[in-house]
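I have placed the structure first, in the form of structure tokens, so that the comments after it can refer back to it.
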Amino acid sequence: MGCAARLALSRERIVAFRRGVNALDRRLPWGAESLRAAAWAGLQDSSPRAALLSLHARVEGVRADSWEHPSLVQLWGPRFSDYVIAAEDHAVFSLGRLPEAARGRLRALDTARRLREFLGGRRMPFGEAGRGMGVVPNSLRYAAPAGTVLLRWDGARQPVIWTVEAPAADPRASRLELARRYLHVFGPATAAGFARWAGIGAAEARGAFAGLAGSLTPVGEGWILSADEDGFRAPAGPAAPARLLPAGDAFYLLWGADREALVADAGRRAGLWTSRVWPGALLVNGEVAGTWRRAGGDVTIAAWRRLSAGEREAVEREALALPLGLAGPVALRWE
């Protein structure tokens with residue numbers, strides 16, 4: 001993709017830029033525009049109400065029901081995981097992942113067609129729909145890139161699914177936009193990283209990066225959007241005192257060298273990116289400083305270093321403000 005001189009960016013610049021585009025230094029004002037900005041790379045919701053807590057970390061005034069705001073929808077998005085996205089970005093997160101290879105595209109479109117015919121306008125738990133169609137329920141996820149399947153998962157029962165009209169958008173243009181979103185939020189990034197994050201083929205990811213070649217700047221082994229270069233070079237503003245990010249949050253939805261850049265200590269990395277369900281990430285003054293978990297209203301925080309009194313107070317304020325919709329206050333425990 002050309003031979004432009006590679007831009008040198010420090011680890012601190014990269015992390016600060018990613019915090020900024022994730023709105024983790026300062027919350028956005030409440031409203032549909034801010035909700036869309038917070039969900040620019042989608043809000044993974046595979047753990048109960050993770051998307052809600054990701055919104056809370058980025059937007060003022062988030063309540064327990066904000067994940068159901070009319071400007072938002074749920075679908076099986078990147079890697080066929082449950083995602084909350086802006087409704088107007090439906091094409092980006094569905095058609096943007098539609099396979100180009102004939103076999104994969106046929107599977108997506110045929111599954112979507114059969115699901116539409118079976119449901120006939122009904123809404124149904126996806127397990128019931130799969131059994132009624134005589135297929136493994138999880139195979140219905142293959143219909144998601146066709147752009148005709150939406151869902152609602154409240155974290156307690158099976159997702160309820162239904163079908164809609166496919167967005168009137170070109171799949172290739174949608175994939176290019178999905179790649180732009182990925183580069184903006186996760187850059188510097190590679191085509192291989194995009195393929196893994198989006199759950200698409202390597203050839204499709206390389207094609208998307210090639211399609212953006214004129215708007216990319218090389219950084220190390222990866223690329224950033226050229227439009228973001230000034231943002232990477234700009235001095236970082238003050239970081240928020242504390243944020244509690246849920247499992248799968250876009251700020252640390254990383255693999256390989258990107259994990260090493262965010263968390264230098266290999267032992268700490270193993271505790272954050274576990275082989276099973278990830279804990280949440282504790283941010284203190286802009287750096288990952290520990291992990292946290294919750295069970296209902298019980299929140300347990302494990303800091304990786306000794307926090308000052310002010311830092312502990314900031315973390316506790318964040319924990320007590322989590323919009324969990326509880327009858328009583330959050331019960332906080334430090335490990």
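For this structure, a couple of remarks:
- Residues being within 25 Å of L53 (Cβ to Cβ) and of a type in the set (A, V, I, L, M) - total across segment 67-111: 8
- Identification of strands (runs of 3 or more DSSP E) wholly contained in segment 269-335 with 3 or more residues that are surrounded by 16 or more Cβ atoms within 10 Å (Cβ to Cβ) and β-branched (V, I, T) yields 298-303.
- When A156, A198, A173, A179 are checked against the criterion of being modelled with pLDDT of 95 or more, among the small types (G, A, S) and more than 17 Å from the chain's Cα centre (by Cα), A173 stands alone in meeting it.
- Note on segment 151-253: enclosed helices (runs of 4 or more DSSP H) holding 1 or more residues that are open to solvent by less than 50 Å² (accessible area, probe 1.4 Å) and touching a strand residue (DSSP E or B) at 6+ places or on another chain (Cβ under 6 Å) are 171-186, 229-233.
- Looking only at residues in segment 61-85 that are in contact with a helix residue (DSSP H, G or I) (Cβ under 7 Å, 6 or more places away or on another chain) and hydroxyl-bearing (S, T, Y), the one that is farthest from S34 (Cα to Cα) is Y83.
- Entirely in segment 1-83, the helices (runs of 4 or more DSSP H) that have 2 or more residues that are closer than 29 Å to L140 by Cα and either open to solvent by less than 40 Å² (accessible area, probe 1.4 Å) or not small (G, A, S) (or both): 32-38, 50-56
- Residue check, G280 in contact (Cβ under 8 Å) with a residue 24 or more places away in the chain and in contact with a strand residue (DSSP E or B) (Cβ under 9 Å, 6 or more places away or on another chain): yes
- Residue in segment 111-122 that is surrounded by fewer than 22 Cβ atoms within 10 Å (Cβ to Cβ), of a type in the set (S, T, Y), out of contact with any Cys (no Cβ under 9 Å at 6 or more places or on another chain) and in contact (Cβ under 8 Å) with a residue 12 or more places away in the chain present: no
- Those residues of segment 254-264 which are touching a residue at least 24 places away in the same chain (Cβ under 8 Å), assigned to a loop (DSSP other than H, G, I, E, B) and open to solvent by 20 Å² or more (accessible area, probe 1.4 Å), in sequence order: W255, G256
The values are calculated or read from the model by the stated rules, or taken from the named source; none is laboratory data. What you see is a predicted model, and the numbers here were worked out from it, not measured in a lab. Neighbour counts are summed over all protein chains in view; Cβ atoms, including those assigned to glycine, are modelled from backbone coordinates with ideal geometry. For the accessible areas, the whole protein counts, side chains as well, though only heavy atoms, and no ligand, DNA or RNA atoms are used. Shrake-Rupley method; radii C 1.70, N 1.55, O 1.52, S 1.80 Å.
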